[in-house]
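Student: Have a look at the structure that comes next, please.
The values are calculated or read from the model by the stated rules, or taken from the named source; none is laboratory data. Computed from a predicted structure; not experimentally measured. Glycine also receives a Cβ, built like all others from the backbone with ideal geometry; neighbour counts cover every protein chain displayed. We work out accessible area using only protein heavy atoms, side chains counted, and drop any ligands, DNA or RNA first. Shrake-Rupley method; radii C 1.70, N 1.55, O 1.52, S 1.80 Å.
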Amino acid sequence: TRKGQQALYHISLETGVVELFSDNWTAFNGQMVIGVNELYFMAANPQAGEAVYQVNLQNKKAHQLTEGDKDQLEDFISVPQHIEFPTSGNQKAYGYFYPPKSPEFEAPTDEKPPLIVMSHGGPTGMTDNGLNLTIQYWTSRGFAVADVNYRGSTGYGRAYRDSLKGQWGILDVDDCIAMGQHLADEGLIDGTRMAIRGGSAGGYTTLCALTFHDAFKAGMSRYGVAELVSLSQDSHKFEIRYLDSVVGPYPECADLYHERSPVNHTELLSCPILILQGLEDKVVPPNQAEAMVKALKEKGLPYEYITFEGEGHGFRKPEPIIKAFTAELEFYQKHLL
């Protein structure tokens, strides 16, 4: 992975020489299987959705074994541009910019598009430029999208990844705001009509951006983290000590946990929030969303809260997915357009 874009390389175990094997794909899901002389994997690129491929290791010929998302959407696909932009601390951050695109509609020539900033989960994960139908859903409806690889993201070297240590809720938020401001300064979007969305850890970044800053006009959090102390105690076993790295050890840093929890500072909020939550979520339990909703209600702040029976950390059934996206689109139409 180089600057957030992936490719397939061959590394000689004898000499250590690294050679490019293929750059036909730019986003891999990380699971690969080796046959006698074949490599099997799932991958995508900006114009072809994820599919299963078989590649001959000798002649490098590839065969696509499953159908990917492309043919029926080709005229609608917004191809991302990799963006490098200045951010806080005289540093640089990165992301992908997707301009709106539709063969059926044309925007007024004197109007810049509204922007949806996407903060990925992890938080030390990454977003890639493989065809993402979630993003195309927005770009085909007139929104520009900024998919941010904020400081702490994988894919830009260890120093960049490690920069988030102790800084979660600070640097990731700064970078999401900075990318939106950069795109506005470049004349690519309307800086007065920006929203931010994210799920899980990305939901935490979203809630922090909306609570501690005033750059966005609206926001959406899917099963986002609102209160850090309970997350450090209630999350699943695999990630129970995650916050020790990106925030600090608890209870030694209890004050920091309180300071960076959006639920404790709802008096700073001034824009509407849509909160979506699966009721069977074990990673970020519903009590996170409920605490935020309770605080918003007590403060009389505008919000919408939608729950989904039988859904966990990530919605998987068609009906809840459709309901969630429809509600989010209506929310933006109400508050952003």
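Student: Exactly one condition in (1) closer than 18 Å to Phe216 by Cβ; (2) of a type in the set (Ser, Thr, Tyr); (3) surrounded by fewer than 23 Cβ atoms within 10 Å (Cβ to Cβ) is not met by Ser119; state its number.
Tutor: Answer for Ser119: the failing condition is (3).
Student: If you go through the range 1-59 one residue at a time, how many are more than 29 Å from Glu74 (Cβ to Cβ), in contact with a Phe, Trp or Tyr (Cβ under 9 Å, 6 or more places away or on another chain) and open to solvent by less than 40 Å² (accessible area, probe 1.4 Å)?
Tutor: 0
Student: Give the residue that is farthest from Lys112 (Cα to Cα), with candidates limited to residues of the range 185-233 that are free of Cβ contacts under 8 Å to residues at least 40 places away in the same chain, part of a helix (DSSP H, G or I) and open to solvent by 20 Å² or more (accessible area, probe 1.4 Å).
Tutor: Only one residue fits best here, namely Gln233.
Student: Moving on. Please go through the range 253-271 and give me each residue that is open to solvent by less than 20 Å² (accessible area, probe 1.4 Å) and part of a loop (DSSP other than H, G, I, E, B), ordered by number.
Tutor: Selection gives Ser261, Leu269, Cys271.
Student: Applying the selection to the range 70-90, what residues are in a loop (DSSP other than H, G, I, E, B), surrounded by 18 or more Cβ atoms within 10 Å (Cβ to Cβ) and in contact (Cβ under 8 Å) with a residue 60 or more places away in the chain?
Tutor: In the first step, residues of the range 70-90 are kept if they are in a loop (DSSP other than H, G, I, E, B); the result is 70, 77-80.
Next cut, surrounded by 18 or more Cβ atoms within 10 Å (Cβ to Cβ) only: 77-78, 80.
Result: Ser78, Pro80.
Student: Met118 passes all but one of (1) modelled with pLDDT of 95 or more; (2) not in a strand (DSSP E or B); (3) not acidic (Asp, Glu); which number fails?
Tutor: With (1) modelled with pLDDT of 95 or more; (2) not in a strand (DSSP E or B); (3) not acidic (Asp, Glu) applied to Met118, the lone miss is (2).
Student: Continuing with this model, one more query. Tyr250 versus (1) assigned to a helix (DSSP H, G or I); (2) closer than 28 Å to Asp162 by Cβ; (3) without any contact (Cβ under 8 Å) to a residue 60 or more places away in the chain; (4) open to solvent by 10 Å² or more (accessible area, probe 1.4 Å): which is the lone unmet condition?
Tutor: (1)
Student: Same structure again: For the subset of the range 306-325 comprising residues that are open to solvent by 60 Å² or more (accessible area, probe 1.4 Å) and over 20 Å from Gly121 (Cβ atoms), which member is farthest from the chain's Cα centre (by Cα)? Walk me through how you get there before you give the answer.
Tutor: Our first condition is that a residue be open to solvent by 60 Å² or more (accessible area, probe 1.4 Å); within the range 306-325, this holds for 309, 316-319, 322-323.
Keeping just the survivors that are over 20 Å from Gly121 (Cβ atoms) gives 309, 318-319, 322-323.
On the way: Glu309: 24, Pro318: 21, Glu319: 22, Ile322: 19, Lys323: 20 Å.
The residue in question is Glu309.
Student: For a quick check of your reading of the model, give me the residue pairs whose first member lies in the range 20-48 and is in a strand (DSSP E or B), whose second is basic (Lys, Arg), with beta-carbon atoms closer than 9 Å and at least 6 apart or on different chains.
Tutor: Phe21/Lys60; Ser22/Lys60; Ala48/Lys70
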